[in-house]
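The values are calculated or read from the model by the stated rules, or taken from the named source; none is laboratory data. Please read these numbers as outputs of a predicted model, since none were measured by experiment. Positions of Cβ are generated from backbone atoms using ideal geometry, with glycine treated the same way; all protein chains shown enter the neighbour counts.
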Amino acid sequence: MILDLFSLLAIAAGGFFFLAGTVGLLRFPDPLTRLHALTKADNLGLGLVVLGLLPRVDWPQGGLKLIVVWLLVLLTGATVGQLVARVAQRPGPRP
Amino acid sequence: MSVAWAFDAILAGTVLGVAAWIVVARETFAAVAGFIAYGLLLALVWVRLAAPDVALTEAAIGGGVTGVLLLGAAARLRGGATVPDVWPAAPLRLVAGALCTVIAAALAAVVLLLPEPAPTLAPQAAAALPATGLGNPVTGVLMAYRALDTLLEKVVLVLALIGVWSLAQDASWGGVPGPQGRAARAPDALVFLARLLPPVGIVVAVYLLWLGADEPGGAFQGGALLAAMWILMMMAGLAASPAVSDRRLRLALVVGPAVFLAIGLAGFFSAGAFLAYPEPWAKPLIVLVEAAKIVSVAAALALLVAGPPQRSPR
């Protein structure tokens, strides 16, 4: 019961970050702020969803897989953010 | 109306919306970005249809490899790639639209008019599965019941690569894929990722290969992952792209189809038919073929992305 409530709260909070990130992506004025919004959704949103799902999967196989997925998304998200920001800051015509 | 039904309806609507957007997008790059999203959404659809094998392949090939190929093509076409101002004449557009509508309606009708329950060979496939020693019926279909299709699929992959290579100019034939001259130094963040990710990717690829016998997974999905790791390292400048005349590279490309073919021919003597496996050895042989296939699939996909040789051999 308490675990269900915990899952519900964590996943709802994760969903909120995805929603906020999407709103930011659509509304923010330039690439850097849009990236900021997007990476928040990926890192925190997915992290909270994974946290909420952890009590509902078998440990350790399922749980560790979920955590690894989150860590991989953190790594690639941060890298892609850096790469896009580099292109956005480069002078000259926007690709 | 349950939650699952609502989710499926939203998913189907989003897939159709993204598909329409790809068609009407005026910029090539935007259309390709849409196509990648479309591939990932389609993978979700396959998950909902309880076909995780297809979902994995769709995400890896439809979203991943095809996406990278199209991005490369879009970058090459940059400049003259917007929708032309000259439109075909109105009657032609009308006929094309009508024909497309007829095809879509016919497909929809065929799917909706299937008898209930739909004709299926699934029970027979599941019943014969113990003879192969496999646990995943999809792998059983791919490697035992319809092995010929799978073999030809691997050969087609090599033929496609030869097609790409044949676009090379005479001077650079047998040379190295990639643009002329020294490439700009890769950004540090990319180099960091290319150092950190491949060990994880290789482990997951081998895991997918091994798991393929009993669970969703297999050589194609694992091979696509290996190819992605190799491409990442080439992009970061950590691994030099090989000359297409490299003997080891060519060996890697043909080892999959060759092992498959050799075991298939051996089937004449050991099991009485082409591509048949002698029963107690079925599973080890299938795993051996899969292991050889993952090498060829990875090499072929990575080289398809690398493109035709553009630098002369050293």
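Within the stretch A:27-35, at least one residue is surrounded by fewer than 17 Cβ atoms within 10 Å (Cβ to Cβ), more than 24 Å from B:A186 (Cβ to Cβ) and either within 14 Å of chain B (Cβ to nearest Cβ) or more than 20 Å from the chain's Cα centre (by Cα) (or both). Suppose the filter is within 14 Å of chain A (Cβ to nearest Cβ) and either of a type in the set (A, V, I, L, M, F, W, C) or within 28 Å of B:A224 (Cα to Cα) (or both); does B:L94 pass it? No. Restricting B:F220, B:F260 to residues that are aromatic (F, W, Y), in the same structural domain as B:A186 (by TED's automatic domain parsing) and touching a Leu at 6+ places or on another chain (Cβ under 7 Å) narrows the list to B:F260. Only a single criterion out of (1) away from chain A (no Cβ under 14 Å); (2) more than 20 Å from the chain's Cα centre (by Cα); (3) at pLDDT below 90 is not satisfied by B:A219, namely (2).
Residue-wise test of (1) within 14 Å of chain B (Cβ to nearest Cβ); (2) in a helix (DSSP H, G or I); (3) under 26 Å from B:L190 (Cα atoms).
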residue: A:S7; (1), (2), (3): no, yes, no
residue: A:I11; (1), (2), (3): yes, yes, no
residue: A:L25; (1), (2), (3): yes, yes, yes
residue: A:A37; (1), (2), (3): no, yes, yes
residue: A:L48; (1), (2), (3): no, yes, no
residue: A:T76; (1), (2), (3): yes, yes, yes
residue: A:V80; (1), (2), (3): yes, yes, yes
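Scan the stretch B:189-206 for residues that are free of Cβ contacts under 8 Å to residues at least 12 places away in the same chain and more than 10 Å from every other protein chain (Cβ to nearest Cβ) and the total you get is 2. Of B:S172, B:S245, all but one fail to be hydroxyl-bearing (S, T, Y), touching a Pro at 6+ places or on another chain (Cβ under 7 Å), away from every other protein chain (no Cβ under 14 Å) and surrounded by 17 or more Cβ atoms within 10 Å (Cβ to Cβ); the exception is B:S172. Considering the stretch B:194-220, the residues that are assigned to a helix (DSSP H, G or I) and touching a Ser or Thr at 6+ places or on another chain (Cβ under 8 Å) include one that is surrounded by the fewest Cβ atoms within 10 Å (Cβ to Cβ), namely B:L197. In the stretch B:78-152, counting only helices (runs of 4 or more DSSP H) that sit wholly within it, the ones holding 2 or more residues that are within 28 Å of the chain's Cα centre (by Cα), modelled with pLDDT under 85 and not assigned by TED's automatic domain parsing to the domain that holds B:R26 span B:122-132, B:137-140. Of all residues in the stretch B:264-314, those that are of a type in the set (A, V, I, L, M, F, W, C) and over 22 Å from B:A205 (Cβ atoms) total 11. Condition check for A:L19 on (1) modelled with pLDDT under 85; (2) surrounded by fewer than 13 Cβ atoms within 10 Å (Cβ to Cβ); (3) part of a helix (DSSP H, G or I): one failure, at (1). Here B:A228 meets the list (1) over 23 Å from B:L275 (Cβ atoms); (2) among the small types (G, A, S); (3) within 14 Å of chain A (Cβ to nearest Cβ); (4) not in a helix (DSSP H, G or I) almost entirely, failing just condition (4).
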